[in-house]
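The values are calculated or read from the model by the stated rules, or taken from the named source; none is laboratory data. This one's a predicted model, so the numbers in the text were calculated from it and none came from an experiment. Ideal geometry is used to build each Cβ from the backbone, glycine not excepted, and the neighbour counts take in all protein chains shown. With ligands, DNA and RNA removed, areas are computed over all heavy atoms of the protein, side chains included. Shrake-Rupley method; radii C 1.70, N 1.55, O 1.52, S 1.80 Å.
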Amino acid sequence: MTNRRSFLTGAGVTMLGASLVSKAGAAGLPEAPVHTSAATAAPLAPPSGRPYNPVVTLNGWTLPWRMKDGVKEFHLVAEPVVRELAPGMQANLWGYNGQSPGPTIEVVEGDRVRIFVTNKLPEHTSVHWHGQLLPCGMDGVTGLTQPGIQPGKTFVYEFVARHAGTFMYHPHADEMQQMAMGMMGFWVTHPKNPRQHAVDRDYVMLLSSYDIEPGSYTPRTNTMLDFNLWTINSRVFPGLDPMVARQNDKVRIRVGNLTMTNHPIHLHGHRFEVAGTDGGWVPKSARWPEVTTDVAVGQMRAIEFVADAPGDWAFHCHKSHHTMNAMGHDVPTLIGVDHRGVAEKINKLVPGYMVMGDKGGSMGDMKMALPHNTLPMMSGDGPFGNLEMGGMFTVLKVREGLKRGDYRDPGWYRHPAGSVAHEWTGEVPAPIGAPNASPEPTAGPALNARKPGAKDHGGHQH
Ligand SMILES: [Cu+2]
């Protein structure tokens, strides 16, 4: 969780500037700030240019710019980075300016922007500005609209941010490798009129996924579907900061998906509307209430709601495998299997072997030895015990009386007396259950095995 001091001071931001690029290439380039921690940076109030309401990048930061002759100049450096996914696990990723995802870029509708991109990767790259309406030659598609940016080279992109909205950037070069290594960043173009679409808190996040074998550091980049780490801004629970809101704040959460599968994003305790996509704002008359919205691959959704319910509310992807970390995959289902005898036999061969999963999958109270540099399948200490979560999960903390702009973790919610589910200690009548629903392992009916593919037994054709 964000430490208060690092949050308030933005500690971890280092201005390295010209030392990052070759001396010859450095002349005239804007500085390229580097962020060294995965803490959530305070929103960056615009020091120059037109006013806007800045966003908060969860466990990330916004890239400062320099104003030169009325043009906002940014400097992205594509490079290998070490990203802490959560305390206890680091990953060797590729990203921008010291982190994956790269820094969020915030501009105002109508701004002319110039972005220098220096390539410190071992292979060529490019940057595609997803969702922008721009000259074709600035679109960043290697081979189609530009040659790749070779290692050591710096390219410059320049266009006008023509419309307000929610966008992202990522390579359009060797995409499978470079996106599987974490190369992506958020882009917000704010409306010219800061009162238009104004909210009190505006959070942004990119969804990405990694396949990192427990005990190792570098993602397997050829994986198509079987990722084992599902991340929000290249962080997994319990490494994600909470989103904080004052009661009755209007809150926007912008989500972009650069994984290879869809994510039904779910918020507890509130109803929201999808107010925007990467195609623009949704007209008010076309919005409907939701508590879950699917964010498909390559899509972005901006949801808006009034945070009217105090509490600690779960916010997560609704695919249950996406709220678990690496150790949770490829484990066989063992509910109802009596393998007590088996465990004893295995124990003679493998000391310390545990019987897992015969009463369900909960591992909340188990402490097992993990390989170096990996995370428990599901963890996170809450006020009532283990949350048994990982991956794409965090908490929306709604509190009365917070100050504007106070994003510090307020701690766990103090529930009003009598408002928490609790054990019933009164009389309990004999339960009526389904016949044969005994949780005790029984001998059961004899197993009726049928040879696969056997004919004349009424088996259906596949
Ligand atoms: Cu998901």
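Tabulated values for the structure
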item: Residue that is touching an Asp or Glu at 6+ places or on another chain (Cβ under 8 Å) and closer than 24 Å to residue 210 by Cα, where the choices are 163, 128; result: 128
item: Residue list for the range 282-304, filter: open to solvent by 50 Å² or more (accessible area, probe 1.4 Å) and among the basic types (Lys, Arg); result: 284
item: Residue that is among the hydrophobic types (A, V, I, L, M, F, W, C), modelled with pLDDT under 95, surrounded by fewer than 24 Cβ atoms within 10 Å (Cβ to Cβ) and away from the ligand (no atom under 16 Å from the Cβ), where the choices are 138, 176; result: 176
item: Condition met for residue 104 (among the β-branched types (Val, Ile, Thr) and over 24 Å from residue 175 (Cα atoms)); result: no
item: The range 62-109, residues that are of a type in the set (Asp, Glu) and in contact with a strand residue (DSSP E or B) (Cβ under 8 Å, 6 or more places away or on another chain); result: 73, 79, 84, 106, 109
item: Among (1) in contact with a Ser or Thr (Cβ under 8 Å, 6 or more places away or on another chain); (2) part of a loop (DSSP other than H, G, I, E, B), the one test that residue 167 misses; result: (2)
item: The lone exception for residue 202 - which of (1) more than 15 Å from the ligand (Cβ to nearest atom); (2) modelled with pLDDT of 95 or more; (3) outside any strand (DSSP E or B) it fails; result: (3)
item: Subset tally (residues that are surrounded by fewer than 21 Cβ atoms within 10 Å (Cβ to Cβ), in a strand (DSSP E or B) and within 16 Å of the ligand (Cβ to nearest atom)) for the range 257-281; result: 2
item: Number of the condition not met by residue 62 [criteria: (1) open to solvent by 10 Å² or more (accessible area, probe 1.4 Å); (2) over 30 Å from residue 245 (Cβ atoms)]; result: (2)
item: So residue 411, is it within 29 Å of the chain's Cα centre (by Cα) and without any contact (Cβ under 8 Å) to a residue 12 or more places away in the chain; result: yes
